[in-house]
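Asks: Take a look at the following structure, please.
Computed from the coordinates by the stated procedures, all read-outs in this text should not be read as laboratory data. What you see is a predicted model; the values in this text were computed from it and never measured. Glycine also receives a Cβ, built like all others from the backbone with ideal geometry; neighbour counts cover every protein chain displayed.
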Amino acid sequence: MCADLISYWAEQDLAGSHWAGLDWEQKGLSNEQYEIYDEIVQAARAERRRHGTPAAKALIKRLTERRCAAANGATHSSENWRPPT
């Protein structure tokens, strides 16, 4: 879920979507996921400038999968996060 959420919102940001301006809670991200998202968006923007949008989207996918796996979903840092019931 972490990689899906972050990659979706990172691609929305890259596309300049109206919805990209939502805050981390509205996007359904934990605090830690938002930190990962922010770093990935910055890296994707730089990649797009150097190599174009397809390369930036590929980078988003690679980085979100790697970072979310390393952080075990990155959900434990959100004060508002609750386990599914």
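Asks: Might you report the magnitude of the Cβ-based charge dipole of the chain about its Cα centre, with Lys and Arg at +1 and Asp and Glu at -1, to the nearest 20 debye?
Replies: Numbers: 11 positive and 12 negative charges, 96 e Å.
Dipole size: approximately 460 debye.
Asks: Measure nothing but the geometry: give the 0 to 90° angle between the long axis through the Cα atoms of 2-15 and the longest principal axis through the Cα atoms of the chain, rounded to 10°.
Replies: 40 degrees
Asks: If you don't mind, there's one more thing I want to ask. Among 8-14, 47-53, what's the highest-first ranking by average C-beta atoms within 10 angstrom per residue?
Replies: By packing density, highest mean first, the sequence is 8-14, 47-53.
Asks: Once you put a point 7 Å from the Cα of H51 and another 7 Å from the Cα of W19, both along the Cβ direction, what distance in nm separates them?
Replies: 2.7 nm
Asks: For every helix of n ≥ 4 consecutive DSSP H residues, a contribution of -39,500 (n - 2.57) applies; sum these over the chain, divide by its total residues, and give [θ] at 222 nm rounded to the nearest 500 deg cm²/dmol.
Replies: Numbers: 3 runs with 53 residues, N = 85.
Rounded to the nearest 500, it is -21000 deg cm²/dmol.
Asks: Note the full-extension length gain between M1 and N31 as 0.36 nm times their separation in residues minus their Cα-Cα distance, in nm to one decimal.
Replies: Numbers: separation 30, 0.36 × 30 = 10.80 nm, distance 1.46 nm.
Once the chain is fully extended between M1 and N31, it gains 9.3 nm.
Asks: Here's something else I'd like to know. If you take every residue apart from R49 with its C-beta less than 15 Å away from the C-beta of R49, what net charge results, scoring Lys and Arg +1 and Asp and Glu -1? Can you show the working numbers first?
Replies: Values: positive: R45, R48, R50, K57; negative: D13, E47.
Summing Lys/Arg as +1 and Asp/Glu as -1 gives +2.
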